Structures are given as structure tokens and as C-alpha cells.
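Remarks on the structure that follows.
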Amino acid sequence: MHFNFKSYYLVLFILIAFVVLKYVLPYWKHLKIQQKAQSLYMHLDQSHLPWKVAGYSGQNHPIYLYETGQGPDTVLIMGVFHGDEPVGADLIVRLADTLSANPSLIRNHAILIPVVNPDGLLKGTRTNANGVDINRNFPTDNWSPVYTKKHYFPGQEAGSEKETQLVMEWIARYHPDRIVSIHAALRMNNYDGPARELAEAMSKYNGYPVTSEVGYSTPGSLGTYAGREMHIPTITLELPDADPEEAWQQNFKALLQAINFDR
């Protein structure tokens, strides 16, 4: 029986190409984005903007906050609850830079926090230093110690994590009229509480679907805590699997809409 080496090598080449395109290239793309966000975070204290330290993570890394604008409403925009979703950091820092240079773009008070979970960002993990998913750790009526996957671990008790406690503190201190939390990579304007109109307004600019569900249960989430239980219009802005430039082009005007939104 004659062995067809050409066919063998062709099949091998196709398999290798499939693995590279399916797994290797996306991995390297994400790694570069992760490294960029880590560098961005590590150099925020050298920025020309007056970033303030709003608190410290479980491993004592600073969590930075930038305030800008004046007006009747206060809008809280936060990124990187999950350390392996780094694009939100770039998006919020770029928004801060843009608003600093062009303050007339907004007519309300904006509070920008690019990295809620610096420990996870620096490790490249969804969870914080204690292995807790911050977005399952809020003290909501539906919080549960039960979890289906390790990276959804909600903590030993609700509100146990420093990062969770800080978010709760910011909400209590600033009394935001709207909250935007940036995640990835479901590509949607997910809303909780009285925020459907806000989600629809943002969708006119980023084109993402508007939905009140993400397709699976999220007990102990910020959306439930702030949106459903405190009745603060809350958007979970789920970016697609995009690089920072794509995310910026798609969402800059949507974020301006979130800040300037007229109820």
C-alpha cells in the first residue's frame, strides 16, 4: 500500500493552521492587550491628570479615581471588575484624557475608575487575590455561596472583599444617578433597574443589543445590588472581543451619552 505523504502533510498543515488561528493568535492578542492595560495601570501615578487613590485592593495596590465635570447628575463609570477583561481600563483612561482636554463634551459630574480589581489585572485572572469573583460578591438578596465554576467563586460571605466594599462605599459617598460597569466579551448593553432607556440611548451609538439578561444567573452582581435593589440605573457594558482602539471607536459616544443622558 502506497502512503500518500502529500495528503498527510496537507492534513497536518491544515490542523496546525486551525490551531494557530483558533487558539494561538487569540491568546497572543489577548496577552498583548493584558500587558498594555497592566502598563497603563502601573503608570497612572505618573499621569498629567490628577488621579486620586480611592482605596486599596486586597494586596494593597492603589485603585485610582478621576473626577471631572459639573452638573446636576453624577455618573459612576468603572472597569476591570474581572482582571482578565482589561480593555475597560484603556477605555476609561482614554475617556479621562479626552474629557480633560475637552471639558465641554459633558454637562454632568463623572467619576471614572478604570481598574476596580488591580490584583486580578496584574495576575491576568478573572478573580481577585482571594480567588473571589467580585461581581458575585455583593450583598444582594440573591447572593449564594453556591457556584458552578471556580472562577465564579462568590466568597465565603457576601461583601467580604475589599474591592466590593470600596464599590459600595463609592456608591454611598457619591450617590450616582447612573452607573456603567465595563466588562467583556458578550457585546451588549445589559441593564438593571430603571435603565432600559439609557441602554437604548447608548445602543444608538455602539450598536450593541439591549437586554436585561446575560443568559445565565449572576447572583451577587453589581447590577442586582445597585440596579435592581437600590434602583440606580445600571448598565453592564459588555464589550465584544475587540482591541482597545475598536472598543474606543464603538463606545466613546455611547459613554458620552451615558454621562449626558437626559431622563
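All of the numbers you see were taken from the coordinates with simple rules; none came from a lab. Remember, predicted model here, so these are calculated numbers, not experimental data. Note: ideal-geometry Cβ built from the backbone for every residue, glycine included; neighbour counts use all protein chains shown.
Considering only beta bridges that DSSP places wholly inside the chain, some 40 percent are antiparallel. The shape of the stretch 132-194 comes out oblate: with a ≥ b ≥ c from the C-alpha gyration tensor, a/c is at least 1.5 while a/b does not beat b/c.
Just check the stretch 50-91 against the gyration tensor rule for me: Cα atoms, a ≥ b ≥ c as the square roots of the eigenvalues, rounded for a/c under 1.5, and otherwise prolate or oblate depending on whether a/b exceeds b/c. Oblate shape, in that a/c is at least 1.5 and b/c is the bigger or equal ratio.
Under 5 Å from the amide H of S57 lie the amide H atoms of I63, each residue being 5 or more positions distant or on a separate chain, with H modelled from the backbone and absent for Pro and chain starts. Straight-line cross-link partners of K32 among the aspartates and glutamates, defined as a Cα under 17 Å from its Cα and at least 8 positions apart when in the same chain: D84, E85, D90, D241, D243, E245, E246.
The slack in the chain from A185 to K29, taken as 0.36 nm per residue of separation less the alpha-carbon distance, amounts to 54.8 nm. Between A247, A172, A184, the Gaussian network model of the chain with springs among Cα atoms under 10 angstrom shows the greatest mean-square fluctuation at A172. In this Cβ point-charge picture (+1 for Lys and Arg, -1 for Asp and Glu), the chain has a dipole of about 660 debye about its Cα centre.
Using DSSP to call loops (not H, G, I, E or B), can you name the GluC sites (Glu not before Pro) in the stretch 142-203 whose Cβ has at most 16 other Cβ atoms within 10 angstrom?
E157
With neighbours defined as other Cβ atoms within 10 Å of a residue's Cβ, the residues M78, M168 order from fewest to most as M168, M78.
Mean separation of Cα pairs under 8 Å and 6 or more residues apart, divided by the residue count, gives the chain a relative contact order of 19 percent. For the stretch 24-161, the square roots of the Cα gyration tensor eigenvalues, ordered a ≥ b ≥ c, give a/c of at least 1.5 with a/b no greater than b/c, which places it in the oblate category.
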